[in-house]
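Novice: Here it is, the structure in full.
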Amino acid sequence: MLSERRLQVLRAIVQDYVGTEEPVGSKALTERHNLGVSPATVRNDMAALEDEGFIAQPHTSAGRIPTDKGYRLFVDKLAGVKPMTGPERRAIQNFLDGAVDLDDVVARTVRLLAQLTRQVAVVQYPSLTRSTVRHVELLSLAPARVMLVLITDTGRVEQRMVDCPAPFGETSLADLRARLNSRVAGRRFTDVPRLVEDLPEAFEAEDRGTVSTVLSTLLETLVEDNEERLMIGGTANLTRFAHDFPLTIRPVLEALEEQVVLLKLLGEAGDSGMTVKIGHENAYEGLNSTSVVSVGYGSGGEAVAKLGVVGPTRMDYPGTMGAVRAVARYVGQILAES
């Protein structure tokens, strides 16, 4: 284990390198930070940190910069999450409160995260499998044609057309709508098939075929793989950090175009805790020079999706973690109130 003083030296190196973009030397450290020891002692501490792989020397006769291992220790042991100021929190709330629907919430969240962190923002749409049914609406479009509208607790709306095997009257449709909602409203998607399996038996024989058709369309809607939807923004922010990527920015940009890669980066939706993946901890090779900060968001304390940012490993981790956490909290509140 590193001594308390060496931890302080590492913290100072990370803070200075993130702030100045310049490799950090022992003289600058003792001048900028109240470490309470001589430059010679700091040099010895830096040599020990380098031997253990926490810092590295990018060029001969240059100062030192943190390695992935050094950033990892900084995030795990030394960096608190920097809270947002009152005005920042109000700005977040005011911006997100203007959203008119789920697509607008996601779009505003992406823009806000990219602006706050000056990184690339990624927001996953709420997962259908983790959602509950708020309401099912059935609308008659023609004697044998019905529109099914599924509304989730996260404000997501799915519409499907149903071609019925026989004409279906308004009275029967109203009856089906009422019976269906009494069984499924407020229930998890995964529970719905079990809750509606005997519903056709509650109707006259001539209507059962249509009821079964409507229900099978509903069940198909519930299991369709809509997990893969996400929105990304702020890619242009990466160009400001071009010198942070060893050879070229292209592998990072290519990785950001891969939905599957991004979903894996964000991690499982049900894991709501803050996750920070640094450099080579990212399995995808094109992202080995980046860090990903992500967290789950949702209503009622359960995460239904993830959001986060991607940027260079030379990142303001306390500030980024604070912004990601604050935005996730406000998005969760909006979903709960919507």
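The values are calculated or read from the model by the stated rules, or taken from the named source; none is laboratory data. Note that the coordinates shown come from a computational prediction; the quantities given were computed from them, not determined experimentally. FYI the Cβ positions are ideal-geometry reconstructions off the backbone, even for glycines, and counts take in every protein chain you see. Quick note on the areas: whole protein, heavy atoms, side chains included, nothing else; ligands and nucleic acids left out. Shrake-Rupley method; radii C 1.70, N 1.55, O 1.52, S 1.80 Å.
Novice: Using the alpha-carbon atoms, what tilt in degrees (0 to 90, nearest 10) does helix 102-117 show relative to the longest principal axis of the chain?
Specialist: That works out to roughly 0 degrees.
Novice: Sort segment 64-139 into rounded, prolate or oblate with this rule: let a ≥ b ≥ c be the square roots of the eigenvalues of the Cα gyration tensor; rounded if a/c is under 1.5, and if a/c is not under 1.5, prolate when a/b is larger than b/c, oblate otherwise. Before the final figure, lay out the partial values.
Specialist: On the way: a/c = 2.84, a/b = 1.87, b/c = 1.52.
Because a/c hits 1.5 or more and a/b exceeds b/c, segment 64-139 counts as prolate.
Novice: Shifting gears a bit: Relative contact order of segment 64-139: what whole-number percent is it, with Cα pairs under 8 angstrom and at least 6 residues apart? Before the final figure, lay out the partial values.
Specialist: Values: 20 pairs, mean separation 12.0, N = 76.
Once divided by the residue count of segment 64-139, the mean separation gives 16 percent.
Novice: What does the accessible area per residue of the chain come to in Å², with a 1.4 Å probe and no ligands, DNA or RNA counted?
Specialist: On the way: 15970 Å² over 338 residues.
Heavy-atom SASA per residue in the chain reads 47 Å².
Novice: If one puts a single equal scatterer on every Cα of segment 86-243 and applies the Debye formula without solvent, what log₁₀ I(q)/I(0) results at q = 0.11, 0.13, 0.17 Å⁻¹?
Specialist: -0.57, -0.70, -0.96
Novice: Can you work out the Karplus-derived ³J(HN,Hα) for every residue in segment 131-148? Use 6.51 cos²θ - 1.76 cosθ + 1.60 with θ = phi - 60°, whole Hz, and x for glycine or proline.
Specialist: Here the 3J(HN,Hα) series is 9, 10, 7, 8, 6, 10, 10, 10, 10, 7, 9, 7, x, 10, 9, 10, 9, 9 Hz.
Novice: Moving on to the next point. Kindly write out, for segment 77-92 in residue order, the coupling ³J(HN,Hα) from the Karplus curve 6.51 cos²θ - 1.76 cosθ + 1.60 (θ = phi - 60°), rounded to whole Hz, with x marking Gly and Pro.
Specialist: 10, 10, 9, x, 7, 6, x, 6, 6, x, x, 5, 5, 5, 5, 4
Novice: I'm checking a number: the convex hull volume of the Cα atoms of segment 278-333, normalised per residue, in Å³. What is it? Please report the intermediate quantities before stating the final value.
Specialist: Details: hull volume 4.3 nm³, N = 56.
For segment 278-333, the hull spanned by Cα atoms encloses 76 Å³ per residue.
Novice: Nearest 20 debye, what's the magnitude of the dipole of the chain about its Cα centre given +1 on Lys and Arg Cβ and -1 on Asp and Glu Cβ?
Specialist: Numbers: 37 positive and 45 negative charges, 302 e Å.
Taking the Cα centre of the chain as origin, the dipole is about 1460 debye.
Novice: Could you grab the Rg to Rh ratio for the chain? Cα atoms only, Kirkwood for Rh.
Specialist: 1.15
Novice: Could you work out the pair-distance distribution P(r) of segment 151-284 from its alpha-carbon pairs, with 5 angstrom bin width and percents rounded to whole numbers?
Specialist: 2, 7, 14, 15, 13, 9, 7, 7, 8, 7, 5, 4, 2, 1, 0
Novice: Rounded to two decimals, what ratio of Rg to Rh does segment 1-157 give with C-alpha atoms and a Kirkwood Rh?
Specialist: Values: Rg = 25.5 Å, Rh = 20.1 Å.
Radius of gyration over Kirkwood radius for segment 1-157 works out to 1.27.
Novice: While we're here: Jot down the radius of gyration and Dmax of segment 231-338, Cα atoms only, both in angstrom.
Specialist: Looking at segment 231-338, its Cα Rg and Dmax stand at 14.1, 46 Å.
Novice: Over the chain, what percent of the accessible surface lies on carbon and sulfur atoms, probe 1.4 Å?
Specialist: Details: 7870 of 15970 Å².
Answer for the chain: carbon and sulfur cover 49 percent of the accessible area.
Novice: Just round it to a whole percent: the fraction of Cα-Cα distances in segment 11-104 exceeding 16 Å.
Specialist: Taking all Cα-Cα pairs of segment 11-104, the fraction more than 16 Å apart is 64 percent.
Novice: Quote the relative contact order of segment 5-96 in percent (integer), defining contacts as alpha-carbon pairs under 8 Å separated by 6+ residues. Each step should come with its number before you reach the end.
Specialist: Values: 86 pairs, mean separation 27.0, N = 92.
Across segment 5-96, relative contact order equals 29 percent.
Novice: I want to check a number: in the chain, how many lysine pairs have alpha carbons closer than 25 Å, given a sequence separation of 8 or more or different chains?
Specialist: 13
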